[in-house]
Amino acid sequence: MRASKLLLATLKESPSDAEVISHKLMLRAGMIRKLASGLYTWLPLGLRVLRKVENIVREELNKTGAQEVLMPATQPSELWKESGRWEQYGPELLRLQDRHGREFCIGPTHEEVITDMVRNELRSYKQLPANFYQIQTKFRDEIRPRFGVMRSREFLMKDAYSFHIDEASLNETYQEMHTTYCQIFNRIGLDYRPVQADTGSIGGNASHEFHVLADSGEDDIAFSSDSDYAANIELAEAVTAVKARPAAKQDMKLVDTPHAKTINELVEQFSLNIENTIKTLIVHASEESEQDLIALLVRGDHELNEIKAEKLPGVASPLCFATDEEIKKAIGAGPGSLGPVNLSIPCIVDRSVAVMSDFSAGANIDDKHYFGVNWERDVAIPDIADIRNVIEGDPSPDGKGTLSIKRGIEVGHIFQLGKKYSQALNATVLDDQGKATIMTMGCYGIGVSRVVASAIEQNHDDKGIIWPDSIAPFQVVIIPMNMHKSETLKPVAEKLYDDLRSLGIDVLLDDRKERAGIMFADMELIGIPHRIVLGDRGLEKGMVEYKGRRDTDNTDVALEDITQFLKDKLV
RNA sequence: CGGGAUAUAGCGCAGCCUGGUAGCGCAUCUGGUUUGGGACCAGAGGGUCCGGUGUUCGAAUCACCGUAUCCCGACCA
């Protein structure tokens with residue numbers, strides 16, 4: 001490609017609505033342009049990157065024997081009614097009607113369509129396992145699209161769906177996809193981690209997310225220092241380091257705490273250790289409970305994990321915090337003075353709370369706290385559960401090492417779906433007894449457009465993007481200095497350009513009539529990983545200059561060696 | 001959907017408080033001088049000032065009503 005023929009829409013300044021670095025750089029490098037909130041046009045340069053990611057994903061999936069299909073983005077409501085999701089799915093599902101008034105949606109995911117296809121096409125267990133995938137545009141009407149293509153409404157996704165006669169077969173394919181995902185992200189060159197994840201509303205047994213580590217990520221990931229354990233913080237089991245409750249040393253006493261509404265105020269005003277305080281949160285109880293509200297107790301320095309909490313049988317799902325009025329009515333005191341002693345509603349305590357002694361908590365009387373409280377002696381120990389977020393330094397749940405927490409961008413997610421959709425849509429095959437059997441399913445997603453953004457989050461400097469070789473829009477750029485003035489330089493540049501192209505190298509020739517500074521700055525901004533500069537001075541000595549995008553200095557290379565030099569670099 | 005903010009040339013912004021018919025930098029076009037790190041000089045083009053209504057002799061500017069976008073939160077296969 002010649003730069004003079006390429007839409008190089010670079011900007012010196014980034015548009016004011018861009019927040020994260022990848023969004024800014026994609027706009028500045030002329031890779032994308034916004035059409036409306038959460039909707040982006042991929043310009044030629046950006047599309048080249050997107051296609052490269054897509055091809056890596058395709059190649060690796062094809063290796064596993066998965067078969068590519070392409071399903072419509074527009075889906076009839078009937079299928080969604082059959083699975084029950086027409087009602088379940090909220091406003092994130094974009095619904096529309098055709099000219100006959102028939103209802104459709106723009107697919108946020110394709111379980112229904114693929115299950116429909118498979119129930120029509122597959123008849124026998126002998127055709128299983130089968131794995132179908134597509135790379136296709138999804139639409140999710142996000143409440144708040146943000147960060148450019150990182151969380152857009154329309155985005156490119158690879159979604160795969162596997163079908164099995166039993167759980168064992170599903171497990172096998174699931175493991176294979178896990179390995180394949182690792183290969184894909186390795187090939188792209190991302191720093192990522194597979195982590196255990198919540199199965200969420202999709203349901204099913206096992207689930208892993210693949211997270212690219214970056215500060216701009218929207219998820220917290222907990223890792224073990226000494227093992228492979230990694231989990232989304234939503235799921236990571238909180239283990240307390242303290243095994244047994246220390247013996248009581250203090251007497252329980254009622255203290256006036258009129259100006260201490262929050263844990264921090266309490267700790268500050270009474271010189272308490274925050275690890276000896278208890279936070280009492282009141283939420284709605286589940287419908288089968290006798291009372292309307294239930295109290296959840298975590299240590300003062302801990303945070304409630306809402307996903308864990310709403311899975312408890314006594315707690316309403318989705319989690320709903322009680323209002324101040326509801327609390328006052330049920331307990332007689334307002335938030336800020338609540339605790340387990342003389343509490344009129346049921347109560348669940350976190351594991352770490354259960355091993356506390358001589359602790360401080362609200363007295364369920366406005367502006368009063370009890371200090372020196374001890375379980376059993378002062379108040380019966382209630383139900384114990386894991387209801388908090390893990391924190392830095394917690395023991396790893398697998399018993400090896402301690403946890404640290406980093407931010408991650410979710411670029412892939414694999415699920416063991418089970419029979420959720422095959423059951424609803426009655427997708428059966430005949431088993432070896434000739435009996436109709438509901439198939440077991442897995443599903444596997446990669447956010448292709450999100451991968452592009454996350455690669456930038458991990459690979460950039462103050463000059464711009466630094467693409468990994470595998471997904472760079474061009475692998476090499478040739479910058480001839482003053483090509484339009486020099487008689488000797490132009491044929492050399494053209495020949496090198498042709499030679500590299502004939503080797504199958506993706507090369508950009510910057511043949512624009514621009515000054516050196518502009519060419520350098522543009523090529524660095526758009527992140528071409530390898531640069532060759534041709535100048536009259538060097539050519540007189542038969543030398544050209546090479547510079548990797550991360551290098552600080554040029555390397556002089558003899559002109560006759562440069563193709564081999566590059567071939568070695570591009571292995 | 002709750003809270004906060006913004007909307008003026010392709011991009012970044014000023015002007016608004018104190019009403020008088022729109023400006024700066026970058027980008028674009030022309031000519032010239034330059035040419036190894038986002039050049040300089042001279043000239044040119046480009047605006048429903050988000051939309052509507054109102055106040056006024058007169059509205060980018062004041063008032064009201066919309067719309068869009070961004071940030072924080074809740075939400076998120």
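Derivation of every value follows stated rules applied to the coordinates shown; laboratory data play no part. Bear in mind the structure is a predicted one, so any value in this text is a computation, not a measurement. Virtual Cβ from ideal backbone geometry, glycine too; neighbours counted across all protein chains shown.
Some notes on this structure:
- Positive-end residue, chain A charge dipole about Cα centroid, Cβ charges, pick of A:Ser286, A:Leu319, A:Ser152: A:Ser152
- Size descriptors for chain A, from the alpha-carbon set: Rg then Dmax equal 29.7, 95 Å.
- The length gained by stretching the chain between A:Glu325 and A:Cys182 to full extension, at 0.36 nm per residue less their Cα-Cα distance, is 46.4 nm.
- Once the Cα-Cα distance is subtracted from the 0.36 nm per residue extended length, the A:Glu275 to A:Val239 segment shows a gain of 11.4 nm.
- From the alpha carbon centroid of region A:361-428 to that of region A:231-266 is 15 Å.
- For chain A, the longest principal axis of the Cα atoms and the long axis of helix A:44-63 meet at an angle of about 70 degrees.
- Relative contact order, percent, region A:493-561 [alpha-carbon distance under 8 Å, six or more residues apart]: 20 percent
- Look at the alpha carbon pairs under 8 Å that are at least 6 residues apart: their mean separation over the length of region A:402-464 gives a relative contact order of 35 percent.
- Taking Cα atoms only, the orientation of helix A:167-188 departs from the longest principal axis of chain A by about 50 degrees.
- Against chain A, whose longest principal axis is taken from its Cα atoms, helix A:489-502 shows a tilt of about 60°.
- Burial ordering of A:Ile528, A:Ile282, fewest other beta-carbon atoms within 10 Å first: A:Ile282, A:Ile528
- Exposure proxy order (Cβ contacts within 10 Å, fewest to most) of A:Val149, A:Val544, A:Val195, A:Val20: A:Val20, A:Val195, A:Val544, A:Val149
- Counting neighbouring Cβ atoms within 10 Å and putting the fewest first, the residues A:Ser207, A:Ser77, A:Ser227 line up as A:Ser227, A:Ser77, A:Ser207.
- Here each label is just a point 7 Å from Cα along the line to Cβ, and for A:Arg123 and A:Glu82 those points are 1.9 nm apart.
- In region A:248-330, Cα pairs under 8 Å separated by at least six residues give a relative contact order of 25 percent.
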